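Since the structure comes first, as structure tokens, the remarks are kept for the end.
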Amino acid sequence: MTIIHMDTEVTRALAVRFRESANLIEKSCSTIASGMSQVEWDGESSSDFKTRLSTNLRGLAVFNELTLDAMRLNDEIEQWVTTDQNAVQTFKSNQTIWQTLFASAGINVTGFTSGFRAIIKPYSLDEVWEYLQGTPSGKALEELALEHSTCFVFPDGTIVGDPNAATRYTVNFGDLPKETGGAHNRNDLTITIDDDLLRLKDKVELAAILGHEMQHAVDAAQGKMPLFPKISGKESEAELETIMADWIDGRVHSEVRSYERQENILVGSAYEDDGILTGGEREDFFKNHTSYQPDYEEDIANVLPGYKATVSVDPNSGELVVDLQPLTQPLSEFAYTA
């Protein structure tokens with residue numbers, strides 16, 4: 001299993017280089033053709049030269065082949081990953097049967113499952129960070145951690161950021177709910193990456209998920225993602241709606257930054273935050289990540305138990321809106337009294 005994942009990473013990188021080379025060649029050919037068209041040169045010699053140049057440029061049009069090769073490589077990678085997933089699922093399905101057979105034969109299988117699990121785990125978190133650290137985003141996250149007195153402690157003892165920081169996040173693999181790749185917990189200062197992803201993702205994808213959660217942590221350190229809104233209990237309903245909208249909008253902005261960070265880690269580019277959350281970004285976020293809206297509404301209800309909340313984006317202004325509806329509990333003649 002490990003070999004499949006390592007080959008997958010290498011081949012993905014090769015496919016990326018194919019695409020980059022194709023783009024470079026295509027851009028160079030376009031530059032040459034454009035430059036030649038602007039040369040003030042007429043006559044038979046000019047026509048002959050331009051004809052030969054065009055012929056040679058067409059001969060350099062290998063970028064199409066490189067792009068197709070990149071697509072073929074990605075298709076083959078997906079076949080590898082599917083094979084890997086099917087093999088793991090087959091093992092998990094038959095695991096109970098095997099354990100029963102071993103037990104009936106008097107064979108002690110203590111540690112057997114964990115031993116096999118170790119075989120199908122291709123990477124450690126320390127290796128994932130080592131890769132991430134070599135990317136522009138990884139270096140930027142480390143600098144942000146240093147700047148804002150935050151550090152991340154990895155399983156092998158590696159400390160990223162300020163080793164003397166008061167805010168110390170423990171980073172590890174663990175069990176998370178389905179379809180939750182990673183989790184940043186402000187309460188116990190932990191970052192958890194879903195254990196199951198080790199059998200499904202390559203090192204680059206794991207690094208992108210790790211970077212996403214680290215972005216949340218440095219956002220929190222900068223005060224860009226408040227844990228709870230500040231309320232005195234004397235606010236009007238309209239004031240509460242404004243406070244809740246600001247609170248949720250800060251969390252949405254952190255998610256947008258984190259997903260952008262995750263994406264640029266996948267493609268290997270540098271990330272620059274312009275500090276602005278546009279209406280289009282809000283709308284795209286809720287459209288592409290539908291589970292967040294009910295979660296935010298539940299969080300508001302937990303802070304304001306007397307209200308039901310609806311979170312939306314105003315189609316005209318693009319601003320985030322929170323609508324609060326008071327919960328009424330009709331009196332009952334059977335109501336319990338102490």
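Read-outs throughout are calculated quantities, based only on the coordinates presented, and are distinct from any laboratory measurement. In this text, all values refer to a predicted model and were calculated from it rather than measured experimentally. Virtual Cβ from ideal backbone geometry, glycine too; neighbours counted across all protein chains shown.
More than 18 angstrom separation, counting every C-alpha pair in the range 123-200; what % is that? Walk me through the numbers before you get to the answer.
On the way: 1257 of 3003 pairs.
Counting every Cα pair in the range 123-200, those more than 18 Å apart make up 42 percent.
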* Structure fact -> Under the 7 Å Cα-to-Cβ spin-label approximation, residue 28 and residue 316 lie apart by a distance in nanometres of 5.5
* **Part-to-part distance (alpha-carbon centres) for the range 178-213 and the range 267-286, which is given in Å** => 20
* Asked: Is there a pair in 201/224; 230/308; 203/224; 203/287 whose C-alpha atoms are over 26 Å apart, and which pairs would that be?
  -> 201/224; 203/224; 203/287
* Hey, fewest Cβ within 10 Å first, where do 186, 257 land in order? -> 186, 257
* **For the range 179-192, 3J(HN,Hα) per residue [Karplus equation, 6.51 cos²θ - 1.76 cosθ + 1.60, θ = phi - 60°, Hz, x = Gly/Pro]** => 6, 10, x, x, 9, 10, 10, 6, 6, 9, 6, 10, 10, 10
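Express in nm, to one decimal, how much length is gained between residue 130 and residue 239 on full extension, taking 0.36 nm for each residue of separation and deducting their alpha carbon distance. If you can, show how the numbers build up before the last one.
Working: separation 109, 0.36 × 109 = 39.24 nm, distance 4.66 nm.
Contour length minus Cα-Cα distance gives 34.6 nm.
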* Structure fact -> Once both label points are put 7 Å beyond Cα along the C-beta direction, the residue 287-residue 222 separation in nm becomes 2.6
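Just want the ordering: 55, 192, from fewest to most Cβ atoms lying within 10 Å of their own Cβ.
Working: 55 9, 192 19.
If I rank by nearby Cβ atoms, fewest first, I get 55, 192.
Subtracting the Cα-Cα distance from 0.36 nm times the residue separation, let me have the gained length for residue 232 to residue 50 in nm, one decimal. Display every interim value, and only then the final one.
Numbers: separation 182, 0.36 × 182 = 65.52 nm, distance 7.68 nm.
Residue separation times 0.36 nm, minus the Cα-Cα distance, leaves 57.8 nm.
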* Structure fact -> For the pair residue 186 and residue 139, the simple spin-label estimate (label points 7 Å beyond Cα toward Cβ) gives in nm 3.1
